[in-house]
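> Input: one structure, supplied below.
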Amino acid sequence: MAEKKQARLTKVLDYLKHDDPFSKGVAFCPGCGLELLLRFIPRVLGNDIVITGTPSCSAPVLLGQNNQSWHTLSYFGTLMTGAAANATGLARYYRKAGIDNTVVCFNGDGTANDIGFGNLSGAAERNEPFIYICYDNEGYMNTGIQKSGTTPFGATTTTTPYGSVHKGKNLRRMNLGLKMAMNKIPYTATATLSDLEDLARKLLKAKEAKERGFCFLHVFAPCPTGWGADPANTIEICRRAVKTNYFPLWEAENGRIRMTKTVKKPKPVSTYTELMKKFNHMTEADIKILQDDVEYEYCLLGGLSVLEAECQLPVSAKDQGEAS
Amino acid sequence: MSSNHYFKHEGPWSDAGDPLMCTDTGDWRTKRPVVDKEKCIFCGFCAIYCPIQVMEMQSDTHFEANLDFCKGCGICAKECPKGAITMISEGEFVS
Ligand SMILES: Cc1ncc(C[n+]2csc(CCOP(=O)(O)OP(=O)(O)O)c2C)c(N)n1
Ligand code: SF4
Ligand code: SF4
Ligand code: SF4
């Protein structure tokens, strides 16, 4: 009986080869997507990684307090303005010293897309040998839920409130993943927490690809506290983000985009927005704007993946030189 | 989790072997996940999706939450394909 039961165990468990380096009781909100992601990464990649990151929701746990820490990994806390520059230094040092390990620059969307974008962009251009992971909770959560460049149209945050004048964010969100893929770095991918096998495969692929240079992962990680969502719905939100094409899953090797999951009949984006209070106030016309935006971006992505399969890749892009 | 020197190059000043901080997150919980052993098909979905990774395997038959740290978010109950997990108010367990 027991054996028959065992056969059904989810394959995701096979990817969790390493110990969880985190203390069991750490201060993330219940249902936080970031916590699941953070515990997942070292269990897949191994504990011999060096993480660097900036002030954000991840920092209180990653940095530790006073003389003590919440985990046994090596962590280097940096300023928001210089995350990727610091990771560059670490990765180059390890390479020069002949130490074989993986530098993971782990930041929120506020750092990756806004405040620290300059040096992220520079590291991508120079093709530095490390993995940059952006967990996207669509805002500056740690400082009290302000809007960021990846906050979607219509969403309320403390700086884009709903009232008689403002109706949530009146700008469209930026597409960070696509922006990075266009740099033709060795590996770019999007991932989310409902598709953990996909995420694990992409992490392992990035670990391999970082030998050839810069890798970027854009991971959609819901924040129940900031989004006004039921903590129990964290995974369901990710799932619906994928099923509505709000957050499509793809990867790009040297800039060549390939969908890793295609949704046959995408659901209307309202099936996604209904799960969060931050979209509660939106009228049908508002939802339509968001829907159009989602469809436009998906169309662009689909077009790029077809076009790039047809185009010949320039030799220079095939094997970019090592960072000097 | 005491000695954790992953790198050969760990400096003598390293505190990697020091005990970790730990918060009593079980205390935050207002609802507790209770697993129906009969319904559980041992698929492990509750375990992989639990943000704290406290859904623990019990002798190859079912999973059970470690209540010392479970924050009671309810993800496991929501994701269980068999509906084997029920979130029950902590008040019910006060004697
Ligand atoms: C240059 C700079 N500007 C502002 C801050 C204040 N600050 C600290 S944490 C934070 C929010 C970070 O947001 P994000 O990177 O998206 O991570 P999250 O909090 O969402 O996890 C901000 C703005 C700072 N530390 N440095
Ligand atoms: S505010 Fe959001 S991202 Fe930050 S710990 Fe809480 S749930 Fe996680
Ligand atoms: S998700 Fe449900 S059926 Fe699967 S192991 Fe957990 S309790 Fe059992
Ligand atoms: S309620 Fe949340 S924290 Fe507790 S076991 Fe379930 S998923 Fe984990």
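The values are calculated or read from the model by the stated rules, or taken from the named source; none is laboratory data. Please read these numbers as outputs of a predicted model, since none were measured by experiment. Heads up, the Cβs are rebuilt from the backbone with ideal geometry, glycines too, and the neighbour counts pull from every protein chain shown. For the accessible areas, the whole protein counts, side chains as well, though only heavy atoms, and no ligand, DNA or RNA atoms are used. Shrake-Rupley method; radii C 1.70, N 1.55, O 1.52, S 1.80 Å.
> From the cross-link list A:Lys179/A:Lys288; A:Lys11/A:Lys205; A:Lys207/B:Lys31, which pairs have alpha carbons spaced over 28 Å apart? Each step should come with its number before you reach the end.
Working: A:Lys179/A:Lys288 24 Å; A:Lys11/A:Lys205 17 Å; A:Lys207/B:Lys31 39 Å.
Cα-Cα > 28 Å for A:Lys207/B:Lys31; rest within.
> Something else: For the peptides A:9-19, A:250-260, what is the packing order when you average, over each peptide's residues, the other Cβ atoms within 10 Å and list the highest mean first?
Ranking the peptides A:9-19, A:250-260 by packing returns A:250-260, A:9-19.
> What ranking, highest mean first, results for peptides A:40-46, A:261-267 when packing means the other Cβ atoms within 10 Å averaged over each residue?
Values: A:40-46: 20.7, A:261-267: 11.7.
Put in order of decreasing packing, that is A:40-46, A:261-267.
> Quickly estimate the mean residue ellipticity at 222 nm for the protein assembly as shown, helices only: each DSSP H run with n ≥ 4 gives -39500 (n - 2.57), and the total goes over all residues, rounded to 500.
-8500 deg cm²/dmol
> Here is a further query. Work from the charge dipole of the protein assembly as shown (Cβ charges, +1 for Lys and Arg, -1 for Asp and Glu, about the Cα centre) and give the residue of A:Gly33, A:Leu304, A:Asn127 farthest towards its positive end.
A:Leu304
> What does the C-alpha gyration tensor say about the overall shape of segment A:1-113? Classify as rounded when a/c is under 1.5, otherwise prolate if a/b is larger than b/c, or oblate.
Since a/c reaches 1.5 and a/b is larger than b/c, the shape of segment A:1-113 is classed as prolate.
> Report the label-to-label distance for A:Val165 and A:Ala27 in nanometres (one decimal), using points 7 Å from each Cα along the Cα→Cβ vector.
Using points 7 Å along Cα→Cβ, the separation is 3.4 nm.
> For segment A:50-155, what relative contact order do you get, as a whole percent, if you take Cα pairs closer than 8 Å and at least 6 residues apart?
Answer for segment A:50-155 is 28 percent.
> Contact order normalised by length for chain A, with contacts defined as Cα pairs under 8 Å and 6 or more residues apart; what percent is it?
Answer for chain A is 16 percent.
> Additional query: What is the spin-label model distance, in nm, from A:Lys277 to A:Gln68 if the labels are put 7 Å beyond Cα along the C-beta direction?
The answer from the label model is 3.3 nm.
> Quick one: if the Förster radius is 22 Å, what FRET efficiency do A:Glu125 and A:Met259 give, using the C-beta to C-beta distance and rounding to 0.05?
FRET efficiency, A:Glu125 to A:Met259: 0.25.
> In addition: Subtracting the Cα-Cα distance from 0.36 nm times the residue separation, let me have the gained length for A:Lys267 to A:Gln312 in nm, one decimal. Don't skip to the end; give the middle numbers.
On the way: separation 45, 0.36 × 45 = 16.20 nm, distance 3.44 nm.
Working it through step by step, the gained length comes to 12.8 nm.
> List the aspartates and glutamates whose Cα lies under 19 Å from the Cα of B:Lys39, skipping any in the same chain that are fewer than 8 positions away.
Of all the aspartates and glutamates, those that pass the test against B:Lys39 - Cα under 19 Å, at least 8 places apart if same chain - are A:Glu3, B:Glu56, B:Asp60, B:Glu64, B:Glu79.
> Would you mind computing, in nm to one decimal, how far apart the modelled labels at B:Val94 and A:Arg8 are, each placed 7 Å from Cα along Cα→Cβ?
With each label placed 7 Å out from Cα toward Cβ, I get 3.7 nm.
> Averaged over A:223-234, how many beta carbons belonging to a partner chain fall within 10 Å of each residue's beta carbon?
Counting Cβ atoms of other protein chains within 10 Å of each residue's Cβ and averaging gives 3.
> Within 10 Å of each Cβ in peptide B:63-76, how many partner chain Cβ atoms are there on average? Round it to a whole number, please.
Counting other chains' Cβ atoms within 10 Å and averaging over B:63-76 gives 4.
> Using modelled amide H (1.01 Å from N, peptide plane; none on Pro or chain starts), what sits under 5 Å from the amide H of A:Ala155, excluding residues fewer than 5 places away?
The answer is A:Lys169.
> Have a look at A:His166, A:Met180, A:Gly149 and report the one farthest towards the positive end of the charge dipole of segment A:118-184, computed about the Cα centre with Cβ charges (Lys/Arg +1, Asp/Glu -1).
A:His166
> If r is the Cβ-Cβ distance from A:Leu79 to B:Asp36 and R0 is 51 Å, what FRET efficiency results, to the nearest 0.05?
It comes out at approximately 0.55.
> Whole angstrom only: what separates the Cα centroid of segment A:190-246 from the Cα centroid of segment A:119-138?
Cα centroid to Cα centroid, the span is 16 Å.
> Still on this structure, I have one more. Averaged across the residues of A:122-132, what count of C-beta atoms belonging to other chains lies within 10 Å of each residue's C-beta?
Mean inter-chain Cβ contacts per residue within 10 Å come to 0.
> Can you order the peptides A:54-67, B:24-37 by their average number of other Cβ atoms within 10 Å per residue, highest first?
On the way: A:54-67: 18.5, B:24-37: 16.6.
My ranking of the peptides, most packed first, is A:54-67, B:24-37.
> Still on this structure, please answer the following. How large is the charge dipole for chain A, taken about the Cα centre, if only the Cβ atoms of Lys, Arg (+1) and Asp, Glu (-1) carry charge, to the nearest 20 debye?
Values: 38 positive and 33 negative charges, 80 e Å.
Charge dipole of chain A: 380 debye, to the nearest 20.
> Given contacts defined as C-alpha pairs under 8 Å and at least six residues apart, what's the relative contact order of segment B:27-93, whole-number percent?
Details: 117 pairs, mean separation 32.0, N = 67.
It rounds to 48 percent for segment B:27-93.
> Taking a ≥ b ≥ c as the square roots of the Cα gyration tensor eigenvalues, with a/c under 1.5 meaning rounded and otherwise prolate when a/b beats b/c, else oblate, which class fits the protein assembly as shown?
Details: a/c = 1.44, a/b = 1.10, b/c = 1.31.
Note, shape of the protein assembly as shown comes out rounded.
> How much accessible surface does A:Leu275 have with a 1.4 Å probe, in Å² rounded to 10?
Around 30 Å² of this residue is reachable by solvent.
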